[in-house]
Amino acid sequence: MSEGRTTNPTELSNAQLLEAFEMMSLIRRVEEIAGRAYQMQKFSGFCHLYIGQEAVAAGSSLAMEPGDYMISAYREHGQAMSRGISAHAVMAELLGKRTGATGGRGGSMHIFDAEKRFMGGWGIVGGQIPLGAGIGFAIKYRQEKDVCLCYFGDGSIHQGVFHEALNMASIWDLPVVFICENNKYAMGTDMDRINAQKDLTKKAVSYAMDAATVNGQDFFDMYTGVKGAIDRARDQSRPTFLDVRTYRFRGHSMSDPGNYRTKEEVEEEKGRDPILKMRRDLIAMGVATDEELTAIDKKCRKEAKDALAQAEKDPFPDISTLKDFVYV
């Protein structure tokens, strides 16, 4: 196992680095609790866990300004929390409770908070990509200086809307950062089996936009890569495509046993665990001691446990509100 880095390659303060570590730890602990709650049938439906990809959300969020927008696919619990949606609001939403982020109406795949400019998880594969471009268009139309980060999985890049959205974003100079969370598998299909072009950054060549490959298992690499793309969007109103190399330690969803991967592969990837790497880095840089980081993680474990306990006590939406927000 490699030693941690000894210098901070970013302008982030020690306090911000500890914030990032806590964010990643909280996402991990909430997702572990959510997985156990699902197995205990405390909620049902689809549930896609973010375990293993925490540095992607944390590195992106710390590079953003409060007014920037984020939109994602259905594996969005971690991204939602990275934008300030509480563990309780996420857990209550999973359980369909009135106190959930969307009042118990969205569930696991549709967490949303317009006030925090988290514009939702979306269940249609690739469906959020043109919406991200649309948010970028709105920003430019209103002559604002905000940026939209649009996440999608590697399985989305063969959808037609991916190509249409990137083309329009480049033609219209939209301030959007397109982030492909490339965890190697489109559901259960190895990307090497279905992708004629293995270098995903070349997808952006057709649309004359900047592109880069980023190590999504390293918080510092993730932050630096996204920060550069955000600066380009804000200062030049130009889009960027990022191929973020990451890995999910669990199946595609809770119903996926993951038989298409060997145990050896998963264990090898766990050696690149982004939280363990962040821990090593912070200790090597003198930002915190192992004991201090353990205390932060203990706090996150408690917060995750308390979030589920509170969500279980919370009320379901009242039956009289069944037709609220139904327009047709």
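The values are calculated or read from the model by the stated rules, or taken from the named source; none is laboratory data. Everything numeric here is computed off the predicted structure, so don't read it as measured data. As a convention, Cβ positions derive from the backbone with ideal geometry for all residues, glycine included, and neighbour counts pool all protein chains shown.
Below is a table of values for the structure above.
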read-out: Count of the stretch 306-328 residues which are part of a helix (DSSP H, G or I) and either of a type in the set (Val, Ile, Thr) or loosely packed, with under 15 Cβ neighbours inside 10 Å (or both); value: 7
read-out: Residue that is surrounded by the fewest Cβ atoms within 10 Å (Cβ to Cβ), among those in the stretch 226-269 that are charged (D, E, K, R) and not in a helix (DSSP H, G or I); value: 256
read-out: Those residues of the stretch 137-182 which are over 15 Å from residue 232 (Cα atoms) and in a loop (DSSP other than H, G, I, E, B), in sequence order; value: 142, 143, 157, 158, 159
read-out: Scan of the stretch 111-125 for residues that are assigned to a loop (DSSP other than H, G, I, E, B) and touching a strand residue (DSSP E or B) at 6+ places or on another chain (Cβ under 8 Å), ordered by number; value: 111, 112, 117, 122, 125
read-out: Any chance residue 188 is loosely packed, with under 15 Cβ neighbours inside 10 Å and either in contact with a Leu (Cβ under 8 Å, 6 or more places away or on another chain) or touching a residue at least 12 places away in the same chain (Cβ under 8 Å) (or both); value: yes
read-out: Long-range neighbours under 8 Å by Cβ, at least six apart or interchain, first residue surrounded by 24 or more Cβ atoms within 10 Å (Cβ to Cβ) within the stretch 53-64, second charged (D, E, K, R) and part of a helix (DSSP H, G or I); value: 54/28; 55/277; 59/221
read-out: Number of the exception - residue 127 against (1) within 18 Å of the chain's Cα centre (by Cα); (2) crowded, with 18+ Cβ neighbours inside 10 Å; value: (2)
read-out: Matching residues in the stretch 270-287 - criterion: being under 18 Å from residue 300 (Cβ atoms) and not in a helix (DSSP H, G or I); value: 273, 287
read-out: Test: residue in the stretch 159-182 that is closer than 30 Å to residue 280 by Cβ, out of contact with any His (no Cβ under 8 Å at 6 or more places or on another chain) and either at pLDDT below 90 or of a type in the set (S, T, N, Q) (or both); value: yes
read-out: Test set (1) assigned to a loop (DSSP other than H, G, I, E, B); (2) free of Cβ contacts under 8 Å to residues at least 12 places away in the same chain - residue 9 fails condition number; value: (2)
read-out: Residue tally, condition under 28 Å from residue 93 (Cα atoms) and without any contact (Cβ under 8 Å) to a residue 40 or more places away in the chain, over the stretch 292-319; value: 6
read-out: Tally of residues being among the β-branched types (Val, Ile, Thr), under 17 Å from residue 183 (Cβ atoms) and in a helix (DSSP H, G or I) across the stretch 196-225; value: 1
read-out: Condition check for residue 292: over 18 Å from residue 54 (Cβ atoms) and assigned to a helix (DSSP H, G or I); value: yes
read-out: Residue that is surrounded by the most Cβ atoms within 10 Å (Cβ to Cβ) [pool: residues in the stretch 12-41 that are among the polar types (S, T, N, Q) and touching a residue at least 40 places away in the same chain (Cβ under 8 Å)]; value: 25
read-out: Filtered residues of the stretch 271-291 (kept if charged (D, E, K, R) and touching a residue at least 60 places away in the same chain (Cβ under 8 Å)); value: 273, 277, 279, 280, 281
